[in-house]
Structures are given as C-alpha cells and as structure tokens.
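Just so it is clear, none of the values below were taken in a lab; they were calculated from the coordinates. Everything quoted here is computed from the prediction, not taken from an experiment. Glycine also receives a Cβ, built like all others from the backbone with ideal geometry; neighbour counts cover every protein chain displayed.
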Amino acid sequence: PLRLLEKFEFFPIEANRYPLFQLGYEAIKNRVAPIYLTFLNEFLVEDFLKEKISWLELQQLVIKGFDLLPNIQIDSVEAIEELKKITKSIHTCITSTSFTVY
C-alpha cells in the first residue's frame with residue numbers, strides 16, 4: 001500500500017480548466033485581496049447553497065468580484081469590518097442581473 005506513494009507526478013495547472021487557481025496567485029500579491037476574497041466567497045457560497053447561483057456562476061462571480069478589489073488600507077479590526085461591508089455591497093452589485101463589467 002505504501003508503494004503507491006513512492007512516485008508523484010506534477011503537471012502544470014490548466015488555467016482555462018481551473019480559472020480560480022491563477023486568481024489565487026494574484027491574490028497573494030496584495031494584502032487586502034485574500035481577506036476580500038474570503039468575504040466574497042462567503043457571500044457567494046451562501047447564494048450557491050440557497051440555489052440562487054450555480055457552481056459555474058459562483059466561479060465567474062469570484063472573477064468578476066476580483067476585478068473590483070477595493071484599494072483600502074487594512075490596519076485594524078475596524079478596517080476589516082469596513083472591508084466586509086464594502087465586499088457585501090460589491091457582492092450585491094455583481095449578483096444583480098443588470099450589472100456588467102467592461
């Protein structure tokens with residue numbers, strides 16, 4: 001049984017197949033992005049679990065939301081709470097049917 005673990009093969013990630021993987025690399029370059037994406041994901045997963053959006057829509061909305069990453073300073077708990085409010089507003093905006101990002 002342990003012989004199964006003797007050899008690992010790694011392959012490049014297919015960006016078109018796993019679009020959020022590259023987004024993760026982009027997010028770690030910014031101090032705000034990981035926190036923002038955590039909040040955005042929380043709101044979108046809730047929508048998914050309530051069957052308001054599909055799995056593919058969830059992924060597309062994360063990408064759309066990342067394009068709207070707020071440029072704010074995170075230096076306190078209050079700033080994180082403010083980021084959560086901003087993220088909720090962005091979530092509301094990107095999940096409305098009339099919203100389009102150009």
Checklist entry - Just a yes or no: is a residue in segment 1-23 under 20 Å from Glu82 (Cβ atoms), of a type outside the set (S, T, N, Q), surrounded by 12 or more Cβ atoms within 10 Å (Cβ to Cβ) and touching a helix residue (DSSP H, G or I) at 6+ places or on another chain (Cβ under 8 Å)? => result no
Checklist outcome for this item: Selection from segment 19-48 of residues within 19 Å of Ser96 (Cβ to Cβ) and among the hydrophobic types (A, V, I, L, M, F, W, C) yields Phe39, Leu40, Phe43, Leu44, Val45, Phe48
Checklist entry - For segment 24-51, what are the residues that are within 30 Å of Asp75 (Cα to Cα) and either surrounded by fewer than 11 Cβ atoms within 10 Å (Cβ to Cβ) or among the charged types (D, E, K, R) (or both)? => result Tyr25, Glu26, Ile28, Lys29, Arg31, Glu42, Glu46, Asp47
Next on the checklist: Taking the condition of being of a type outside the set (D, E, K, R) and more than 14 Å from Thr87 (Cα to Cα), how many residues in segment 24-44 meet it?
Outcome noted: 5
